[in-house]
Amino acid sequence: MKQVLTLVVKLNPTSEQTQLLGNTAQAFADACNYINKTVKPNLTNRNSIQAVCYQDVKERFGLTANHVVRACARVAANRLTAKQKGRKVKHFKPTSFDCDTRTFRFIETGYLASISTTGKRAKIPMRVSNYHIGKLSGQNPTSAQVCQHKDGDWYVHIQLKSDAPPPIVPPNRGDAEGRGVIGVDFGRRDIAVTSTNNSWSGKNIQEKRDKLTKVRASLQKKATQGTRSTRRRCRQILKRLSGKERRYQAWLNHNISKTIINEAKQTQSFVSIEDLTGIRERTNQKPRNKTERRRSNSWAFYQLRTFLEYKGIKEGIEVIAINPRYTSQTCHCCLHIGLRNNKSFKCSNKACGWIGDADLNGSLMIALVGRSVRSPGGSSLLACPVNSGLQKAHAIATA
């Protein structure tokens, strides 16, 4: 399996090089819009689109042959994505253009990016950190994307392709499943709780979100009602705050996923998580106030899942997603339905009577279900009681 690591590196172009990049991005966007407008909308294959309009696009917009090919590929990819979502591709903005091995070359001596433009080939210095130097050392990347970010500066997104290591298969431990598993329960009160009793509280990020929401609301009000200088100053502050919450959340998700994957690597375990696809649509059907709706809709469960998955591939750790139905209501000891009240859980089975943290119980249950998915022949869940949560979940899924 091939794994792609994208490095975002800032460029330090001269005024002439900035003009060349801007002209190329504009020509690339114009070519994409022309292709999308003139080629039949049902064509989503790059080669089919290229066969229809290649020569015409090359003569009209002054792009190199490889840039025309990449423009056809971008239109095809966007059309395919829009088709899957039941939409149509509307417009392409002049903020980026794609490069391949002919139009982009990384020069390690001096850390330069050699990029083909509509005018001439430009060798632009890159602003690299120690992290970039370590990743780019001895590499020969064959694809990249040149982008102008919201701050107006130009960046190059370099794609580094490598072979992912094979999944770690630990020696047989003598148990029924043959390997360990770490279950991860996602939530708002606790961002993540693992079956190894590690947890990350969501209190700080919720307080930060609420504070930023109030600050933005206040600034937006002043930006429309204050004096001219006040409005200008408020717009400047809003621009500076833009994306702050998103960046903080991504940083937090990176730390959580890295810790979980490192623990799985040390214990030679795989990771079992909840498949929360469609959770926003389901929860938004319930009557809630505006604040609660904003809080639940702003948490990026899917982002944390993708971080776990790609870090797992990098380290050879298998990450599987299981059906979350009744995992938070089922006792991990006896598999009977219990009573959950906020953070506490109590098993209703008199013979068991387990009492403890509800999120920890959920993560342990996710680990058990993950084991059954990974090793169905030796799972202890095959003999679960009739009135268990898993039986109810199965009945709902097959109804």
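Readers should treat all values here as calculations from the given coordinates under stated rules, not as data from a laboratory. What you are looking at is a predicted structure, and each value in this text was computed from that prediction instead of being measured. Glycine also receives a Cβ, built like all others from the backbone with ideal geometry; neighbour counts cover every protein chain displayed.
List every residue whose amide H lies under 5 Å from the amide H of GLU318, counting only residues 5 or more places away in sequence or on a different chain, with H placed 1.01 Å from N in the peptide plane.
ILE168, VAL271
Based on other C-beta atoms within 10 Å, arrange MET365, MET126 from fewest to most.
Least to most surrounded, the residues fall as MET126, MET365.
Modelling each spin label as a point 7 Å along the Cα-to-Cβ direction, I'd like the ASP153/ILE355 distance in nm, to one decimal.
Result for the modelled spin labels: 5.7 nm.
List, in order, the whole-Hz ³J(HN,Hα) value for each residue of the stretch 197-209 obtained from phi through the Karplus relation with A = 6.51, B = -1.76, C = 1.60 and θ = phi - 60°; use x for Gly and Pro.
Those phi angles translate into 6, 9, 9, 10, 6, x, 5, 5, 5, 5, 5, 5, 4 Hz.
Give the long-range amide H neighbours of GLY180: residues separated by 5 or more places, or on another chain, with amide H under 5 Å away, using H modelled in the peptide plane at 1.01 Å from N.
Counting only residues 5 or more places away or on other chains, the set is PHE270.
Please compute the length gained on full extension between LEU212 and ASP100, using 0.36 nm multiplied by the number of residues separating them and subtracting their Cα-Cα distance.
Here the segment from LEU212 to ASP100 would lengthen by 36.3 nm.
Within the set LYS37/LYS90; LYS208/LYS286; LYS40/LYS88; LYS58/LYS90, which residue pairs have Cα atoms separated by over 19 Å?
Details: LYS37/LYS90 9 Å; LYS208/LYS286 25 Å; LYS40/LYS88 12 Å; LYS58/LYS90 22 Å.
Where the Cα-Cα span goes over 19 Å, the pairs concerned are LYS208/LYS286; LYS58/LYS90.
From the backbone phi of the stretch 344-352, what are the Karplus-calculated ³J(HN,Hα) couplings (6.51 cos²θ - 1.76 cosθ + 1.60, θ = phi - 60°) in whole Hz, Gly and Pro given as x?
After applying 6.51 cos²θ - 1.76 cosθ + 1.60, I find 10, 9, 9, 6, 7, 7, 5, 6, 9 Hz.
Quick check: Cα centre of the stretch 73-118 to Cα centre of the stretch 325-357, how many Å?
Distance between centres, Cα-based: 51 Å.
Can you give the Rg to Rh ratio of the stretch 2-163, both from alpha-carbon atoms, with Rh computed by the Kirkwood formula?
Ratio of gyration radius to Kirkwood radius: 0.98.
Assign unit charges at the C-beta atoms only (+1 for Lys and Arg, -1 for Asp and Glu), then state the dipole size of the chain relative to its Cα centre in Debye, rounded to the nearest 20.
Dipole size: approximately 2260 debye.
Does anyone have the angle between helix 228-241 and the longest principal axis of the chain? Alpha-carbon axes, 0 to 90°, nearest 10?
So the helix axis and the longest Cα principal axis differ by about 60 degrees.
If you average the sequence gap of Cα pairs under 8 Å that are 6 or more apart and divide by the length of the stretch 2-106, what percent do you get for the contact order?
Contact order relative to length: 36 percent.
Two decimals, Cα atoms only, Kirkwood Rh: what is Rg/Rh over the chain?
Across the chain, the Cα-based Rg/Rh ratio is 1.04.
In terms of modelled amide H atoms, which long-range or inter-chain residues lie less than 5 Å from the amide H of ASP190?
When sequence neighbours closer than 5 places are left aside, the close amide H contacts are GLY202.
Got the relative contact order for the chain handy, in percent, Cα pairs under 8 Å and 6 or more residues apart?
15
Please give the net charge around TRP251, taking every other residue with its beta carbon less than 13 angstrom from that of TRP251, where Lys and Arg add +1 and Asp and Glu add -1.
Residues close to TRP251 contribute a combined charge of +4.
Calculate, in nm to one decimal, what ASN140 and ARG121 gain on full extension: separation in residues at 0.36 nm each, minus their alpha carbon distance.
5.0 nm
Any idea how far apart ALA164 and ALA250 come out in nm if each label point goes 7 Å out from Cα toward Cβ?
2.1
Could you work out the relative contact order of the stretch 54-177? I mean the mean sequence separation of Cα pairs under 8 Å and 6+ apart, divided by the number of residues, in percent.
That works out to 19 percent.
With θ set to phi - 60°, apply the Karplus curve 6.51 cos²θ - 1.76 cosθ + 1.60 along the stretch 85-102 and write out the HN-Hα couplings as whole Hz, x wherever there is a Gly or Pro.
Working through the residues one at a time gives 8, x, 10, 10, 6, 9, 7, 10, 8, x, 10, 6, 8, 8, 10, 10, 5, 7 Hz.
Between SER129 and LYS221, what is 0.36 nm times their sequence separation minus the Cα-Cα distance? Round to one decimal in nm.
Values: separation 92, 0.36 × 92 = 33.12 nm, distance 3.96 nm.
Using 0.36 nm per residue and subtracting the Cα-Cα distance, I get 29.2 nm.
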